[in-house]
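Here the structure comes first, spelled out in structure tokens, and everything after it is commentary.
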Amino acid sequence: MKINARKYPASATLLPKCPTGIQGLDEITGGGLPRGRPTLVCGGAGCGKTLLAAEFLVRGAVQFDEPGVFMAFEETEEELMANVASLGFDLAGLIRRKKIFIDFVHIEPSEVQESGEYDLEGLFVRLNHAIDSIGAKRVVLDTLEALFSGLRNETILRAELRRLFRWLKDKGVSAVITAERGRESLTRHGLEEYVSDCVILLDHRVNDQIATRHLRVVKYRGALHGTNEFPFLIGGDGLSVLPITSLGLNHKVSSERIATGIPRLDAMLGGRGFFRGSSILLTGTAGTGKTIISSNFAQAAARRGERVLFFSFEESPNQIIRNMHSIGLRLEPLLKRGLLRFHSARPSLYGLEMHLATMFKEIAAFQPHVVIVDPITSLMDLGTVSEGKGMVTRLIDYLKAGQVTTLFTSLTQGGHALQQSEGGMSSLMDSWLLLQDFEGNGERNRVLYVLKARGMKHSNQIREFLISDHGIDVVDAYIGPSGVLTGSARAAQSSLEKAAVLANQQEAARLKREVERKRAAIERQISGLRSDYESESAELRRIAEQVGTSTQMLTTEQAESGRLRQADAKVAPGTRRHLHNGRRSL
């Protein structure tokens, strides 16, 4: 059987988008609101509907050269300009340059009567004139309830809503329409969300006396979008929707290593410290030295000429500076040179999202190489576990995108297993250091060890962490039969080991002296034997010389005797001839 595969177009046609310019919203919507279509922004009182709509117009006029019309049914032009001035928007200047047109339409509900057909033609004429007068590309209607407040006939209301939205589409403007939230539906009438191409729901809630605003894209025809609920803030620069984060794990990484300011700690991390751009978690109970390690880390970065931003949620900058004097650490010169900046605030001052937005703002302004958050647990306590983890995730993603190295300290309650209490947050970290208190022999001592360090070899040994007037040091802890010894127990054990070493050295010296004595005695014996040997050798040589002399003399005498005998033999024959001749002559 032949199966005919369905053919798809090579490239899908993307829905044209109208960027809002609102920080984070364009990321969530995939580029902005639908261009040339109406978008419904609904929510309760005080959630920011009018401000979002106003910023949509202002950003469009300033950043994208798209003039806009703001038709208000509740606020006058003067009230609106005064309200958005808190966001730093100069509506008056934009109006003078014909970038924005504001039209206040006053509708009194008591004057509206349902008789015959309800006609919006007058509104269309007025709106059309405003659009054409400045060549508007964007339109805001704030709010629908004021426009249809006097209508009770649902059939007429639905027809006029459809007519209004169709007119905006035919006009080709990108419109934002605000509406109040209903009790059982997104809007009071429950109709607007069905005729809108895009629906954004704003929410303002209070949990544990902390107020937070949230945004959710409920509907977006023809486009993919983020469906989660995202917190957003209203600040001095306008709205910012969180997270401003990478949806994919595609951050750039660096192989460069940076020192911690503690040589022995660097040695525990392969001798080179942490990777640049990594996230580091330092966990410990109160009084274990987390802020001290953080301050040393900051000083080491500043000495390399790097900028350090220190967020403190428990101590003021002056208190941190004073406390560091006790270990010989001077942070004032770093502040004067502009390499170190503190930002201190009580956790209860803002909500979780406001703290996060403030941190983003400080980071963007200072452009640090290293960020320290001390402690991060103070912020996480402001929300639920999932909200706290989400906040840390957004912050880490934001910093990793800029290759910023981040050190988080975490305060752990005593009696809790550190690994369990930080299990959720530690999975986001590249490295994890643990500080603990050891009790024994009537004292408490600090120990440090590396629980994890991604991408680098690291020590698995426990080290004692010492704090003194001269700074901090990491020393080897004694591991004995009863476990890890620290403090005075380690010192006592060290003294015992030194005493044992000294005793061994003394015993070795004694044995060496005994060996030297025996060697000297042996050498004396060897010297005596050598002397006897030389004496006997001399006597032997004397005797040998005497024997040689005697032998030589004997040989000489024998030779002389032989010579004499040979002489006698030679004379005798002549004598005999003489005698013979004598006899013959006779």
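The values are calculated or read from the model by the stated rules, or taken from the named source; none is laboratory data. The structure presented is a predicted model; accordingly, all values stated were derived computationally and were not measured. Here the Cβ positions follow ideal geometry from the backbone for every residue, glycine too, while neighbour counts run over all protein chains shown. We work out accessible area using only protein heavy atoms, side chains counted, and drop any ligands, DNA or RNA first. Shrake-Rupley method; radii C 1.70, N 1.55, O 1.52, S 1.80 Å.
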(message) Being in the same structural domain as residue 444 (by TED's automatic domain parsing) and open to solvent by 30 Å² or more (accessible area, probe 1.4 Å) narrows it down to one residue among 229, 315, 306; which is it?
(response) 315
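Go through the stretch 168-186 and give me each residue that's part of a strand (DSSP E or B) and either at pLDDT below 90 or open to solvent by 30 Å² or more (accessible area, probe 1.4 Å) (or both).
Across the stretch 168-186, the qualifying residues are 179, 180.
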(request) Six or more apart or on different chains, Cβ under 6 Å: which pairs go from a residue in the stretch 348-363 that's without any contact (Cβ under 8 Å) to a residue 40 or more places away in the chain to one that's open to solvent by less than 10 Å² (accessible area, probe 1.4 Å)? Could you list them? (result) 355/379
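Quick check: is even one residue across the stretch 200-207 at pLDDT below 80 and assigned to a loop (DSSP other than H, G, I, E, B)?
Scanning the stretch 200-207, I find no residue that is at pLDDT below 80 and assigned to a loop (DSSP other than H, G, I, E, B), so the answer is no.
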(message) For the list (1) within 14 Å of residue 25 (Cβ to Cβ); (2) in contact with a helix residue (DSSP H, G or I) (Cβ under 7 Å, 6 or more places away or on another chain), I need the number of the one condition that residue 232 fails.
(response) (2)
(request) Kindly check whether there is at least one residue in the stretch 415-431 that is modelled with pLDDT of 80 or more and not in a loop (DSSP other than H, G, I, E, B). (result) yes
(message) Return the residues of the stretch 283-323 that are in a loop (DSSP other than H, G, I, E, B) and among the hydrophobic types (A, V, I, L, M, F, W, C); say none if nothing qualifies.
(response) 286, 313
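Of the residues 545, 514, 536, only one is free of Cβ contacts under 8 Å to residues at least 60 places away in the same chain, among the acidic types (Asp, Glu) and open to solvent by less than 100 Å² (accessible area, probe 1.4 Å); which?
Testing whether each residue is free of Cβ contacts under 8 Å to residues at least 60 places away in the same chain, among the acidic types (Asp, Glu) and open to solvent by less than 100 Å² (accessible area, probe 1.4 Å) leaves just 514.
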(message) For a quick check of your reading of the model, give me the residue pairs whose first member lies in the stretch 212-224 and is assigned by TED's automatic domain parsing to the domain that holds residue 196 and at pLDDT below 85, whose second is open to solvent by less than 70 Å² (accessible area, probe 1.4 Å) and of a type in the set (D, E, K, R), with beta-carbon atoms closer than 6 Å and at least 6 apart or on different chains.
(response) 212/353
(message) under 25 Å from residue 327 (Cα atoms), among the basic types (Lys, Arg) and at pLDDT 75 or above: is that true of residue 446 in this structure?
(response) yes
